[in-house]
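> Just dropping this structure here.
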Amino acid sequence: MAQLNIPIPDEQINLAVMEVVKKLDLVPREDLRAYCPPLDDVRKDYFRNHSKQWIRNLIFDRFPETLDVNGGWAVNPSGREPGMRGTYVKFEEMKRWLDKNDDAIDWYERLAGD
């Protein structure tokens, strides 16, 4: 009988493990607050797989309270800050904000030129 191998991306495994660890309360609270994954790692599950540009234009630009410089959860939202590559999110804060503001986001809106 042939064996079937299905590759699973590391980021999906990491997110799944973190969810289980949190549910079982195995991570100290300080570690959860410090969890800052790259935007790419959360786009599919938390931003309905929208592009980074969509998230920047339709969430970060429209909701300045999401930016870390304003006390929010998006670190380096432009992805171009000196000394830092990419955009990161303060995971727990991002989830709470998205839960609270889901109705204010037009998830079906398209970027200009799409």
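> By average Cβ neighbour count within 10 Å, what is the ranking of 5-17, 95-107, 52-64 from highest down?
Result, highest mean first: 52-64, 95-107, 5-17.
> Say R0 is 22 Å: what FRET efficiency, to the nearest 0.05, do residue 51 and residue 92 get from their beta-carbon distance?
0.40
> While we're on this one: Counting each DSSP H run of 4 or more residues in the chain as -39500 (n - 2.57), what helix-only mean residue ellipticity at 222 nm follows after dividing by all residues, to the nearest 500 deg cm²/dmol?
-10500 deg cm²/dmol
> Give me the number: length gained by fully extending residue 107 to residue 61, i.e. 0.36 nm times residue separation minus the C-alpha to C-alpha distance, one decimal in nm.
Difference between extended and current length: 15.1 nm.
> Assuming 0.36 nm per residue, please report the length gained on full extension of the stretch residue 69 to residue 12 beyond their Cα-Cα distance.
17.6 nm
> How big is D for the chain, in µm² s⁻¹ as a whole number, if Stokes-Einstein is applied with the Kirkwood radius of its Cα pairs at 4 °C and 1.567 mPa s?
For the chosen part, D equals 83 µm²/s.
> Given a 1.4 angstrom probe, I'd like the percentage of the accessible area of the chain that is carbon and sulfur, rounded to a whole number.
50 percent
> Still on this structure, I have one more. Over segment 31-114, calculate the relative contact order: mean separation of alpha carbon pairs under 8 Å at least 6 apart, over the residue count, as a percent.
Worked out over segment 31-114, it gives 32 percent.
> Around residue 89, which amide H atoms from residues at least 5 apart in sequence, or from another chain, sit under 5 Å from its own amide H, with H modelled in the peptide plane?
39, 75
The values are calculated or read from the model by the stated rules, or taken from the named source; none is laboratory data. Quantities reported herein were computed from a predicted structural model and do not represent experimental measurements. All Cβ positions, even for glycine, are placed from backbone atoms using ideal geometry, and neighbour counts span all protein chains on display. Heavy atoms of the whole protein, side chains included, go into the accessibility calculation; ligands, DNA and RNA do not. Shrake-Rupley method; radii C 1.70, N 1.55, O 1.52, S 1.80 Å.
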